[in-house]
Amino acid sequence: MSANKKIIVTGCNGQLGRAINKIYQGSTAYECVNTDVAELDITKIEEVDRFVAEVKPYAIINCAAHTNVNACETDVDNAYKINAVGPRNLSIAAARYHAKPMHISTDYVFDGHASTPYTEFDTPSPNSVYGKTKLAGECFVKEFAGEYFIVRTAWLYGDGKNFVKTMLGLAANRDQVTVVGDQFGSPTSADELARMIAHLLPTDNFGVFHGTCEGITNWADFTRAFYRLAGISTEVKTVTTEEYDRNTTGIVAPRPAYSVLDNYMLRLTTDYRFADWEKAIAEYIKSLSF
């Protein structure tokens, strides 16, 4: 009997890393080789090369990223090292040792000035350091990997720190919370994204894909939806981004006002479909035992 195909998962302790592990748990075909910065520093090319040479993976799923959007504005060197140089190093090693690279990117590669969902054929134009570094990472993957998957996602929530858990925590001791209502996107379950990744990975259907739950909402209405599902009566007060930022301390990175991603390439090339965001958040709230 042949050995399981090994998949290196970077950023394994993040929401998506955990969801990917859940997908492959008990698999007789695949085995996750989990790494976080303690096991593998993706910013160091020699370390990446040694690790990949030793593991001889079938694939590398890169979930590692500097995702603190505000902090990236001042921590610029680290943001480029983790979000751009890291993917470059992984892509070079993937090509050298014949592993499939699966790189996770973001809606922040777009400026958010659109009024219709972005497809994979729209030209990126990031307006934050985070977005610029993530786009640089995509460019390095394209330059060095040869064959690759790049999956852009948005508004992710799962097992770990996220917007949903933060807002549920605030509701525990507040009668009212303040949430922006002029940023639009598609809240996406990490479990849904992991399923899409597992669907693509065995194929040769390479390229750039958008991967988000279906449907459009804003942060305030999203909060109302999961409060309702959790039986929470805390009032959600809608404010503009400008009003919210005025009350925020420190440097605030520009957020895309409209970052809805259209899963166009999935529709063109596969039968795979994401769940609607409302169905996915209902499943998530149920899993939290509300």
Q. To the nearest 10 degrees, how steeply does helix 86-96 sit against the main Cα axis of the chain, on a 0 to 90 scale?
A. 30
Q. What is the Cα coordinate range of segment 139-273 on the first, second and third principal axes, sorted by size from largest, in whole angstrom?
A. 51, 34, 24
Q) So, in nm, how far is label ASN173 from label LEU288 when the simple model puts each one 7 Å beyond its Cα toward the Cβ? A) 1.7
Q) Helix 277-287: angle to the longest alpha-carbon principal axis of the chain, degrees 0 to 90, nearest 10? A) 90
Q) By how many degrees, 0 to 90 and rounded to 10, does the Cα axis of helix 219-229 deviate from the longest principal axis of the chain? A) 90
(Q) I want to verify the translational diffusion coefficient of the chain in µm²/s; compute it with Stokes-Einstein, Rh as the Kirkwood radius over Cα pairs, at 20 °C and 1.002 mPa s. (A) 110
Q.
Let's test this: bin the Cα-Cα distances of segment 216-290 at 5 Å from zero up to the farthest pair and state each bin's percent.
A. 3, 11, 17, 16, 17, 17, 12, 5, 2, 0
**Q.** Rounded to 5, the percent of DSSP beta bridges in segment 163-290 classed as antiparallel
**A.** 20
Q: Would you rank SER27, SER289 by solvent-accessible area, highest first, keeping every protein chain in place and using a 1.4 Å probe?
A: SER289, SER27
Q.
Kirkwood Rh over alpha-carbon pairs of segment 1-139, then Stokes-Einstein at 10 °C and 1.306 mPa s: what D in µm² s⁻¹, rounded to an integer?
A. 101
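Structure shown: which of LYS5/LYS134; LYS132/LYS161; LYS44/LYS81 lie over 18 Å apart, alpha-carbon to alpha-carbon?
With Cα atoms farther than 18 Å apart: LYS5/LYS134; LYS132/LYS161.
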Q: Quickly estimate the mean residue ellipticity at 222 nm for the chain, helices only: each DSSP H run with n ≥ 4 gives -39500 (n - 2.57), and the total goes over all residues, rounded to 500.
A: -11000 deg cm²/dmol
(Q) Probe radius 1.4 Å, ligands and nucleic acids ignored: give me the carbon and sulfur share of the accessible area of segment 138-186 as a rounded percent. (A) 50
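The values are calculated or read from the model by the stated rules, or taken from the named source; none is laboratory data. It should be emphasised that the depicted structure is a prediction, and the values quoted were computed from it without experimental measurement. FYI the Cβ positions are ideal-geometry reconstructions off the backbone, even for glycines, and counts take in every protein chain you see. Ligands, DNA and RNA are excluded from the accessible area calculation, which covers all protein heavy atoms including side chains. Shrake-Rupley method; radii C 1.70, N 1.55, O 1.52, S 1.80 Å.
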